[in-house]
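The values are calculated or read from the model by the stated rules, or taken from the named source; none is laboratory data. The structure displayed is predicted, hence computed values, not measured ones. So basically every Cβ, Gly included, is an ideal-geometry build from the backbone, and we count neighbours across all protein chains shown. Please note that ligands, DNA and RNA were not included when accessible areas were found on the heavy atoms of the full protein model with its side chains. Shrake-Rupley method; radii C 1.70, N 1.55, O 1.52, S 1.80 Å.
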Amino acid sequence: MDCVVTGGNVKVLAKAIHSLSRIGDELYLEPQENGLALRSVNSSRSAYACFLFSPLFFSRYTIPCGHAFRCKMAIKCVQAVFRSLSSLEKTVEKCHIELDGEKSRLTFTLHCKHGLLKTHNLSFQDSESLQAVFDKESCANMLRAQPRLLVDTVLHFPPSLEEVSVSVSGERVWFRNHVDDEAEQSKAMLTELCLSSDEFDHFAVGAQTSITFCLKELRGLLVFAESTGLPVSVYFDEPGRPLVLSVTDSVLEVNFVLATLSDDSNLRNHNNNNTKQARSPPPPDDFMNDDIDSYLIAMETSELAGPSDAPAPRSPSPNHTLTTQPSVAIHRRRLESGEEEEEEEETEDTERPPNKKFRSLFFGSVCPSDSQLTNQTIKSQEVLASDSDDDTQASLP
């Protein structure tokens, strides 16, 4: 690749590199037939920028035919070539850019006044093509304004502000500083500006929405747009969809693609509801304090399955024909023989239900409610329990 930039276009190229330095730490360079593409992306892949300089931008632009070449380098090294922007237009007459693929060097030669030459040899690495997939024409909202209007709007926000929110209606646009939900509202400073649709060159709002994006990248584009005097077009849609900032000229096309915060209000409400449900006390469960014996007795004596959400009865109905007295007697005998009960519990440990919460739900599906017990006739069977060793010896002749 061999290209030459002359006159005021040298400053435009320098401004483009400084704008890209606000996006990422690496500069991706790709010579194409339709022009020279300079791209950058941040580390989180939430911001992407591309400057495409057409061949008419250069006084000479030649690339090898049939050979695709892509490389990347540290953007600070390229930024050092155009360190002083104020003196470039006065001292630099032209900039010669030459790419040597064999030596892996990109050479910038600045031809200054009085025959002074400044040569910078930068090393690079081969890279894959960096291209963001977006369709700005499909966005529902499109705003176009002069860069001075947007610069004056951004000046009202402090330099430390990271994110800004933009809301649109049929005739107005609001700019607000974004405040996190976790921040204390009493200590947060809120700034809001309202712009009328008459202040824009083009105002087309198809959907009233509000988006939040990073302010750093917007400021980087505005610095470039103000120096060139080109209007800035803003394409955006619903929250979560990318925001596209575009500056277009006959020899230049600039696209900044920024990620926006998704509208998670429904998700937050859903999480809040889940939190409230988790904090609320559990429904009353009569079996929560029952021991394993009561669990086994209820399993063996209930034959009529009630609804799954029916609460467990606190006490048996008078019409209920379950043999509760033998159950209590058996339970007392087991409590008296403590050592034997511990041995039986060790053997029956594998047959116990997994936890109390699951058992309470399971009881609701097998135990009928009080109304069902009084209105329906329930068949019952006597509880059979294994005799202890003392009972077994007493029964033997």
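Structure data summary
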read-out	value
Residue count for segment 192-209, restricted to those that are under 14 Å from Asp152 (Cα atoms) and either touching a Lys or Arg at 6+ places or on another chain (Cβ under 7 Å) or open to solvent by less than 40 Å² (accessible area, probe 1.4 Å) (or both)	5
Residue list for segment 103-162, restricted to those being closer than 27 Å to Pro31 by Cβ and touching a helix residue (DSSP H, G or I) at 6+ places or on another chain (Cβ under 9 Å)	Leu106, Phe108, Leu110, Cys112, Lys118, His120, Leu122, Ser123
Residues of segment 98-131 that turn out to be within 23 Å of Leu85 (Cα to Cα) and not polar (S, T, N, Q), as a count	14
Boolean, Asp126 is of a type in the set (D, E, K, R), modelled with pLDDT under 90 and out of contact with any Lys or Arg (no Cβ under 8 Å at 6 or more places or on another chain)	no
When residues of segment 1-42 are limited to those that are among the acidic types (Asp, Glu) and over 18 Å from Glu98 (Cα atoms), the one least open to solvent (accessible area, probe 1.4 Å)	Glu26
Strands (runs of 3 or more DSSP E) contained in segment 192-244 and holding at least 3 residues hydrophobic (A, V, I, L, M, F, W, C) and out of contact with any Phe, Trp or Tyr (no Cβ under 9 Å at 6 or more places or on another chain)	202-205
Residue tally, condition surrounded by fewer than 16 Cβ atoms within 10 Å (Cβ to Cβ) and touching a residue at least 40 places away in the same chain (Cβ under 8 Å), over segment 107-130	7
Complete set of residues in segment 149-162 that are closer than 15 Å to Phe175 by Cβ and open to solvent by 50 Å² or more (accessible area, probe 1.4 Å)	Asp152, Leu155, His156, Glu162
Failed condition for Arg83, given (1) at positive phi; (2) open to solvent by 30 Å² or more (accessible area, probe 1.4 Å)	(1)
Among residues of segment 129-186, those that are modelled with pLDDT of 85 or more, of a type in the set (S, T, N, Q) and more than 25 Å from Arg45 (Cα to Cα), counted	3
Filter result (exposed (fewer than 13 other Cβ atoms within 10 Å of the Cβ) and hydrophobic (A, V, I, L, M, F, W, C)) within segment 43-79	Leu56, Cys65, Ala68
